[in-house]
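See below for the structure under consideration.
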Amino acid sequence: MKRGRIRENRIWAVLLLLVALTWSGCAKKEEPKAPYKIGGIFAITGRASFLGEPERNSMELLAEQINAAGGINGHPIELVIYDTEGDATKAVLNANKLIEKDNVLAIVGPSLSGTTLAVVPIAEKAQVPLISCAASVKITTPVKKWVFKTPQTDVMAVAKIYEYLKGQGVTEIAILTVGNAFGDSGREQLIQQAPDYGFEMVTAEKFGPKDTDMTPQLTKIRALKPEAIICWGTNPGPAVVAKNMRQLGIEIPLYQSHGVASKKFIELAAEAANGIILPTGKILVAGDLPDGDPQKTVLLKYIDDYEAKYKMAISGFGGYAWDGLQILAQALEKAGDDRAKIRDEIERISGYVGISGIFRFSPQEHNGLTKEEAFVMVKIVDGNWQVIQ
Amino acid sequence: MDLSNQILQYVISGITNGAIYAVIALGFTIIYNATEVINFAQGEFVMLGGMAVIALDSSGNLPLALSFILAVLAVTLVGAILERFTIRPVKSSDPVTLIIITVGASIFLRGVAMMIWGKDALGLRPFSGASPIHLGGATLVPQSLWVLGVTVVVMAGLQFFYKHTITGKAMRACAFNRRAASLVGISVNRMVLVSFALSAAIGAAAGIVIVPITLCGYDVGTMLGLKGFCAAVLGGLGSSPGSILGGFLLGVLEALGAGLISSGFKDAIAFFVLLLVLFLRPSGLLGPKEIKRF
């Protein structure tokens, strides 16, 4: 009898335990699935922080939204983001760390063409999908198996400017480019494409990324009397060029690249920014787009969410990382946690409406954008962007 | 525009930049003479001057002149504090140790500036209008005249200070022979402090006048400091007239090189000339032969 009671107690205890266990299980709803780890390497500090900071913010914003909506097939996204400070050595170290230590499924970034080109061999060797946020066309031409990019290429930007110039009846141009990967890649395209449009390039000048005075170059250009000056660089150099042109009293129209498409440029160049014409992604003029534009709603939502969360004005650059993570999320949904399958799925994405354009990837096309959709020409008028039709 | 007008424009640009290099070089010279230390935070004083004046100008409705003075005073204080708390406590007076300390101080100041003012470059309105002045076939911004004016004032002021004030004379005495100076009752420590404050002040003044032309960010000091250092070495380290000559020479050579040879080699040309001078005349153009320093 006594023995029986003990057994009975044991049964009760076991039952209680079971109830407790299932109950606590219910409290957590369901077993969380293992997170998908995604790496990010951006120039968050340093001279290119105007790129890296919004990129990191956008990526964190999107990851938060995806996780709030239940993750990807139930898997939350876990971000591991490192700062390159715009330095190629640090970018390489960070990429290695992401791949070997953090074991990420894919990497978004780096922010700059130079740092990206330094990281490309690592991603290729380790067979990790890399979605770069940098402009240079060299990143995806020739196609590299594991490397994709979301920003518009400089090929498209140059073509867009040249088309516009041709429409204006311009034949003689001068270029002034910055001595870094962005400027050199743009320079190459500017020189290469000029004959296609029948332009004569009177001179091709350069300036250093940290130069604070471009009057010598501009003096030389002025003497050659081109009909348009195209400056290719990222802040703050192009702002100095704009200011110097005013200081020298040069009246030749100035064209800039999409590298300066941010409010910061207008702030820096102040008065001298007015009248400058440049190609930019649609984000800067989202409100002015026709309602039929498929990107309009996507852009407006992104801008609202971003400005609400970070309390700062949107720039054209954060969208590169946003698109990168969106593309990865779409690929992850189909592929799961397999790097090779993720890569294959990215190549199959076609028609994703993103911030920088509508992406149509293929095995031959790892950027997926066209110049018609990716760029609009804008003019700076009274410190604001105005779309040129 | 013909070649002579172009060259005139290059020279004007070069003189404006050269004036800044000259003032920075003077800052190096002042501290070098007092301590035999190359102060690698000199460029940071320039940056701090620029950033401080932008901050003061945008913060309230202070007149620009008052912002200018306050910014110079603030940076002077930074220079004095730097000397008092990083240079003086060090037991070893070995210049190499002290130079490394100034390198550390420059990184520290850069970091602090980044935390306070952020990572973007900032601009300031010109002191007196932006419409260019035409000079023959070349153009000149009014701000360039401010730069040259301030440079001249700084040079004249320094000259007066060294020749006609007790402190200035005491500093010259220290430069000739520290031991002898301290034996006749000059406080060497105080002179070193004054030299840091003084070079911070003129560095700040240089930083302030160029902001409207060049913009200013937390990291502009490094390159400006380096160019100023080159100018000082070019002219002869320790020589004030040499610093001034070196500064202008460097600025003009840079501009001519960028305009006439290739803008891709702008910095390379300046440094090539520097190397050439050092090979042919290691003490610099007006460098001290032995003891003459001022």
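The values are calculated or read from the model by the stated rules, or taken from the named source; none is laboratory data. Source: prediction; values computed, not measured. Positions of Cβ are backbone-derived with ideal geometry, glycine not excepted, and every protein chain shown enters the neighbour counts.
Things worth noting here:
- For the stretch A:164-197, the tally of residues that are buried (at least 20 other Cβ atoms within 10 Å of the Cβ), outside any helix (DSSP H, G or I) and among the hydrophobic types (A, V, I, L, M, F, W, C) stands at 5.
- Odd one out for B:ARG293 among (1) modelled with pLDDT under 80; (2) part of a helix (DSSP H, G or I); (3) over 30 Å from B:VAL112 (Cβ atoms): (2)
- Candidates are the residues of the stretch B:97-150 that are within 11 Å of chain A (Cβ to nearest Cβ) and hydroxyl-bearing (Ser, Thr, Tyr); the one that is farthest from the chain's Cα centre (by Cα) is B:SER131.
- Any hit, the stretch B:79-87, residues being under 27 Å from B:ILE210 (Cα atoms), of a type in the set (Gly, Ala, Ser) and buried (at least 16 other Cβ atoms within 10 Å of the Cβ): yes
- Yes/no for B:LEU278 being more than 18 Å from B:SER13 (Cβ to Cβ) and crowded, with 19+ Cβ neighbours inside 10 Å: no
- Any hit, the stretch A:185-205, residues being within 14 Å of the chain's Cα centre (by Cα) and closer than 26 Å to A:GLY46 by Cβ: no
- Here the helices (runs of 4 or more DSSP H) wholly within the stretch A:300-389 that include at least 3 residues being of a type in the set (Gly, Ala, Ser) and surrounded by 18 or more Cβ atoms within 10 Å (Cβ to Cβ) are A:318-335.
- Neighbours by Cβ (under 6 Å, 6+ apart or cross-chain): first from the stretch A:344-359, among the aromatic types (Phe, Trp, Tyr); second not in a strand (DSSP E or B): A:PHE359/A:GLY368
- Any hit, the stretch A:224-232, residues being more than 7 Å from every other protein chain (Cβ to nearest Cβ) and either among the aromatic types (Phe, Trp, Tyr) or free of Cβ contacts under 8 Å to residues at least 24 places away in the same chain (or both): yes
- Among the candidates B:GLY14, B:GLY27, B:GLY50, B:GLY18, residue that is in a helix (DSSP H, G or I), more than 30 Å from B:GLY136 (Cα to Cα) and either without any contact (Cβ under 8 Å) to a residue 60 or more places away in the chain or within 14 Å of another protein chain (Cβ to nearest Cβ) (or both): B:GLY50
- Complete set of residues in the stretch A:94-121 that are of a type outside the set (Ser, Thr, Tyr), part of a loop (DSSP other than H, G, I, E, B) and surrounded by 20 or more Cβ atoms within 10 Å (Cβ to Cβ): A:VAL104, A:LEU105, A:GLY109, A:PRO110, A:LEU112
- Filtered residue count, the stretch A:261-294, keeping only those that are surrounded by fewer than 21 Cβ atoms within 10 Å (Cβ to Cβ) and farther than 23 Å from B:ALA121 by Cβ: 10
- Put simply, of A:GLU124, A:GLU85 the only residue that is part of a helix (DSSP H, G or I), surrounded by fewer than 22 Cβ atoms within 10 Å (Cβ to Cβ) and touching a Lys or Arg at 6+ places or on another chain (Cβ under 9 Å) is A:GLU124.
- B:ALA206 vs. criteria within 30 Å of A:ASP211 (Cα to Cα), within 14 Å of chain A (Cβ to nearest Cβ) and crowded, with 20+ Cβ neighbours inside 10 Å: yes
- Per-region count, the stretch A:78-107, residues within 29 Å of A:LYS334 (Cα to Cα) and among the basic types (Lys, Arg): 2
- Residues within the stretch A:237-260 that are facing chain B (nearest Cβ under 8 Å) and under 23 Å from A:GLN189 (Cβ atoms), tallied: 2
- A:VAL158 vs. criteria surrounded by 24 or more Cβ atoms within 10 Å (Cβ to Cβ), under 24 Å from A:GLY318 (Cα atoms) and within 14 Å of another protein chain (Cβ to nearest Cβ): no
- Output for the stretch A:131-147, where each listed residue is part of a loop (DSSP other than H, G, I, E, B) and of a type outside the set (S, T, N, Q): A:CYS133, A:ALA134, A:ALA135, A:PRO142, A:VAL143, A:LYS144, A:LYS145, A:TRP146
- A:THR212 vs. criteria in contact with a helix residue (DSSP H, G or I) (Cβ under 6 Å, 6 or more places away or on another chain), surrounded by fewer than 18 Cβ atoms within 10 Å (Cβ to Cβ), among the polar types (S, T, N, Q) and facing chain B (nearest Cβ under 10 Å): no
- B:SER239 vs. criteria at pLDDT 85 or above, more than 20 Å from B:LEU148 (Cβ to Cβ) and crowded, with 24+ Cβ neighbours inside 10 Å: yes
- Among the residues making up the stretch B:245-262, those that are surrounded by fewer than 24 Cβ atoms within 10 Å (Cβ to Cβ), within 13 Å of another protein chain (Cβ to nearest Cβ) and not polar (S, T, N, Q) are B:VAL252, B:LEU253, B:LEU256, B:GLY257, B:LEU260, B:ILE261.
- Total residues in the stretch B:55-83, condition assigned to a helix (DSSP H, G or I), touching a helix residue (DSSP H, G or I) at 6+ places or on another chain (Cβ under 8 Å) and more than 16 Å from B:ALA201 (Cα to Cα): 4
- The set of residues from the stretch A:117-126 being touching a helix residue (DSSP H, G or I) at 6+ places or on another chain (Cβ under 6 Å) and either among the acidic types (Asp, Glu) or touching a residue at least 60 places away in the same chain (Cβ under 8 Å) (or both) comprises just one member, A:VAL119.
- One residue stands out among those in the stretch B:30-47 that are within 14 Å of another protein chain (Cβ to nearest Cβ) and of a type outside the set (Gly, Ala, Ser): the one that is farthest from B:LEU158 (Cα to Cα), which is B:MET47.
- When restricted to residues that are in contact with a Gly (Cβ under 6 Å, 6 or more places away or on another chain) and assigned to a helix (DSSP H, G or I), the stretch B:182-220 contains 10.
- Residue check, B:LEU224 closer than 27 Å to B:ALA34 by Cβ, surrounded by 24 or more Cβ atoms within 10 Å (Cβ to Cβ) and at the interface with chain A (Cβ under 10 Å from one of its Cβ atoms): yes
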